[in-house]
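Here the structure comes first, spelled out in structure tokens, and everything after it is commentary.
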Amino acid sequence: MSVPKAVFEPLRIKGKTLLPIVQGGMGVGVSAHRLAGTVASLGALGTISSVDLRRHHPDLMAKTARSRDRALIDAVNLEALDREVRAALDLSAGHGAVAVNIMRAVSAYADYVRRACESGAHAVVVGAGLPLDLPELTADYPEVALLPILSDARGIALILKKWMRKQRLPDGIVIENPRYAAGHLGAPTLDSVASPHFAFPEVIEGTLAVFKDLGLERERIPLIAAGGIHTHEQVRELLALGASAVQLGTPFAVSEEGDAHPNFKTVLAQATPDDIVTFMSVAGLPARAVRTPWLAEYLEKEAKLQRVAKTRKCTVGFDCLQQCGLRDGIAKHGQFCIDTRLAYALAGDVKRGLFFRGSETLPFGREIRPVRDLIAYLMTGAT
């Protein structure tokens, strides 16, 4: 049974005609093969988050649970990524498209990009940093769509100019507004997260002006608006502004097919606006999450922990981030192990987990409903 269609133009990427709905990548393990494959099976773009996917595979965890061998953990995570991509493609049954989201800030970024392409992903989506080298990394896979995540027209102009010198253009650009998004945010400081500089009308208009200055046809590179989208009316307004599609994270995370533990979905669905906080991640970027017991306790001690920050060995045995506030002793960054805390959240550990969440209400309130319902609502307004 297909999802009802609205009178929206489709999203066209690399010869694929898709619903103008993109499911954002969410780690650790929140968007794995079940969520991404289901979204794709309905004709949209589903996204696997590449970070630490071994946690979905008991045999791979058995190999590494007590290991501090970075090379072994990295190799196992690449195997997990391959499994997840192939499983999502099988679940999609040839419909939609399957992407892999990779943080530019992770140390294994280049390896993840190559493995995603080798495994058959239709697209690679990169955020948490400027992917200036993505064209070179994917040169052997011209059929794979490249979608950088950026937050303002200035960053978009930089990527376009650098890539054009390499005879490559993005196949789409995700414009993420840090004022509303979940997880790591594309703003330099906490104070700048809510800047009107990141508002969709300003960034979309600015980006179209950049296209004109560079001699690019506006239809050539679809713009995908992300951050805080939760109603059919917003979809309609953003497409009217010039976006070709919208991307959502949190509403998909709480769907029945979301790959995280049911407790994870409950925490996100039941959070009130007062429960959601913005703070500095160990990655050196602002982040947004639910104030769970661990996060509340951490924020009380954060200033003290930052004052005594010093370099130390990675507590989980592998360097998940190129630059880590805890490991590298960077006082202005967060001072906790992000992989451990996100893994607790994935497993439903409410007391110890870090639960990333966007700031806005959810389309179905506290209800946990199927992906099909969410896509149908976004496309038609039907609940």
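The values are calculated or read from the model by the stated rules, or taken from the named source; none is laboratory data. Remember, it's a predicted structure, so these values are computed and weren't measured experimentally. Note: ideal-geometry Cβ built from the backbone for every residue, glycine included; neighbour counts use all protein chains shown.
Laid out as a table, the results:
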| read-out | value |
| --- | --- |
| Which listed residue, of A93, A36, is of a type in the set (A, V, I, L, M, F, W, C) and either closer than 30 Å to Q322 by Cα or crowded, with 24+ Cβ neighbours inside 10 Å (or both) | A36 |
| Which numbered condition E256 misses (of (1) surrounded by fewer than 24 Cβ atoms within 10 Å (Cβ to Cβ); (2) within 19 Å of G183 (Cβ to Cβ); (3) in contact with a Lys or Arg (Cβ under 7 Å, 6 or more places away or on another chain)) | (2) |
| Cβ-Cβ under 8 Å pairs, at least 6 apart or on other chains, the range 70-87 side free of Cβ contacts under 8 Å to residues at least 60 places away in the same chain, far side among the acidic types (D, E) and surrounded by fewer than 17 Cβ atoms within 10 Å (Cβ to Cβ) | D82/E118 |
| Positions within the range 11-38 being in contact with a strand residue (DSSP E or B) (Cβ under 9 Å, 6 or more places away or on another chain) and farther than 23 Å from L185 by Cβ, in sequence order | L11, R12, I13, K14, K16, T17, L18, L19, P20, H33, G37, T38 |
| Boolean, S31 is small (G, A, S), buried (at least 19 other Cβ atoms within 10 Å of the Cβ) and out of contact with any Lys or Arg (no Cβ under 7 Å at 6 or more places or on another chain) | yes |
| Candidates R357, R312, R352 - the one that is at negative phi and either crowded, with 18+ Cβ neighbours inside 10 Å or touching a strand residue (DSSP E or B) at 6+ places or on another chain (Cβ under 9 Å) (or both) | R357 |
| Tally of residues being among the basic types (K, R) and either assigned to a loop (DSSP other than H, G, I, E, B) or at pLDDT below 90 (or both) across the range 180-232 | 2 |
| Which listed residue, of G329, G284, is touching a residue at least 24 places away in the same chain (Cβ under 8 Å) and on the phi > 0 side of the Ramachandran plot | G284 |
